[in-house]
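*Asks:* Sharing a structure below in C-alpha cells format, with a few things to ask.
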Amino acid sequence: SQTIHQWPATLVQPVGSPLSLECTVEGTSNPNLYWYRQAAGRGLQLLFYSVGIGQISSEVPQNLSASRPQDRQFILSSKKLLLSDSGFYLCAWRFRLGTSGSYEQYFGPGTRLTVT
Amino acid sequence: RKEVEQDPGPFNVPEGATVAFNCTYSNSASQSFFWYRQDCRKEPKLLMSVYSSGNEDGRFTAQLNRASQYISLLIRDSKLSDSATYLCVVNSLNFNKFYFGSGTKLNVKP
C-alpha cells in the first residue's frame with residue numbers, strides 16, 4: 001500500500017531563517033506530488049505541483065520554492081522566511097483509480113510551521 | 001470567481017439530525033468531484049468520491065448536479081464524531097490540479 005511521509009511535524013523558525021520541508025511517498029512510482037499551505041482558519045492554497053523529477057509548476061508567486069530530486073521525494077524550501085509563511089504545510093500525491101481515468105488525492109500528516 | 005465555493009457555516013445540529021451541504025463549481029467541464037473531511041489541526045482525508053449517478057456510503061450520500069454545477073453531501077443520523085470541516089473538491093480538466101473549497105464546518109451537539 002502507498003504511504004506518504006512528511007517531516008518535521010512541527011517547526012518554529014525565526015523570521016529570515018531558511019526552511020526545508022521534506023515529503024516522501026512509498027509504494028508507488030512516478031506520482032504527481034503537491035505542496036499546499038493552509039493558514040489558520042483558511043482553506044488550502046496550492047503552492048506547487050510536480051508531474052515528475054525536476055518538473056515543478058508554481059501556482060503562487062512568493063518566497064518559497066520546490067524541488068523534486070527523486071521520483072518519490074518532494075522538498076519545499078525558502079531562503080528567508082516571512083511571518084506570513086506561518087501555516088500548515090501539506091504534501092499530497094495523486095492516486096489513479098484503476099482504468100477509469102479518474103484520480104484521487106491523498107495527504108501526508110502535514111508540518112505546522114510557526115514563524116516568529 | 002473561485003473554482004469551488006462553499007458555505008463556511010458553521011452548521012450546528014443535534015445528534016441524530018440530518019444535515020446537507022452544497023458546493024458549487026465554476027468549470028462546467030470538470031470531471032471528478034470529491035468530499036473530504038478535515039478534523040482540527042489534521043490533514044484532509046478523502047470521505048467519498050462523487051459519481052454522476054450519486055453514491056451512498058452508510059450514513060453519507062453524495063449527489064452531483066451537472067446542469068446546475070453543484071455537489072451535495074447529505075449526512076443522516078449525525079454523530080458527535082461527524083463534527084469536522086467538510087471540503088468540496090473538483091479536479092481540473094487534465095487531472096493535474098485539485099481545487100478545494102474553503103470548507104463547511106459542522107458541529108454536532110449532544
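*Asks:* Taking 0.36 nm per intervening residue step and subtracting the Cα-Cα distance, what contour gain separates A:F95 from A:H5 on full extension? Before the final figure, lay out the partial values.
*Replies:* Numbers: separation 90, 0.36 × 90 = 32.40 nm, distance 1.54 nm.
30.9 nm is the gain from fully extending A:F95 to A:H5.
*Asks:* How many Å³ per residue does the convex hull of the Cα positions in chain B occupy?
*Replies:* Details: hull volume 10.6 nm³, N = 110.
Value for chain B: 97 Å³ per residue.
*Asks:* Follow-up. How large are Rg and Dmax for the protein assembly as shown when calculated on the C-alpha trace, in angstrom?
*Replies:* 17.8, 52
*Asks:* Quick one: Debye curve from the alpha-carbon atoms of the stretch A:1-104 only, equal weights, vacuum; give me log10 I(q)/I(0) at q = 0.10, 0.15, 0.17 Å⁻¹ to two decimals.
*Replies:* Log10 of I(q)/I(0), two decimals: -0.28, -0.62, -0.79.
*Asks:* Using alpha carbons only, how many angstrom separate the centre of the stretch A:1-40 from the centre of the stretch A:64-116?
*Replies:* Each part's Cα centre sits 5 Å from the other's.
*Asks:* Which lysines have a Cα lying under 18 Å from the Cα of B:K42, excluding residues fewer than 8 positions away in the same chain?
*Replies:* B:K105
*Asks:* Here is a further query. Out of all DSSP beta bridges in chain B, what portion is antiparallel? Express it as a percent rounded to 5. Each step should come with its number before you reach the end.
*Replies:* Working: 35 of 39 bridges.
Restricted to chain B, the bridges split so that about 90 percent are antiparallel.
*Asks:* What net charge is computed for the residues neighbouring A:L11, neighbours being all others with C-beta under 14 Å from the C-beta of A:L11, Lys and Arg scored +1, Asp and Glu -1? Walk me through the numbers before you get to the answer.
*Replies:* Details: positive: A:R37, A:R112; negative: A:E22, A:D85.
Overall, the nearby charge balance is 0.
*Asks:* Placing one identical point scatterer on every Cα of the stretch B:51-110 and ignoring solvent, what is log10 I(q)/I(0) from the Debye formula at q = 0.18, 0.19, 0.27, 0.29 Å⁻¹?
*Replies:* Log10 I(q)/I(0), no solvent term: -0.77, -0.84, -1.24, -1.27.
*Asks:* A further question follows. Based solely on C-alpha atoms, express the radius of gyration and the Dmax of the stretch A:1-44 in angstrom.
*Replies:* Radius of gyration, then largest Cα-Cα span, for the stretch A:1-44: 13.5, 39 Å.
*Asks:* Which entries of B:K45/B:K97; B:K2/B:K79; A:K80/B:K2 show an alpha-carbon separation above 22 angstrom in the structure shown? Spell out each step's value before the answer.
*Replies:* Values: B:K45/B:K97 17 Å; B:K2/B:K79 31 Å; A:K80/B:K2 30 Å.
Where the Cα-Cα span goes over 22 Å, the pairs concerned are B:K2/B:K79; A:K80/B:K2.
*Asks:* By residue number, which cysteines of the protein assembly as shown lack any other Cys whose Cβ falls under 4.7 Å from their Cβ?
*Replies:* B:C40
Quick note: the coordinates plus some simple rules give every number you see, no bench work behind them. All values reported here derive from a predicted model rather than from experimental measurement. All Cβ positions, even for glycine, are placed from backbone atoms using ideal geometry, and neighbour counts span all protein chains on display.
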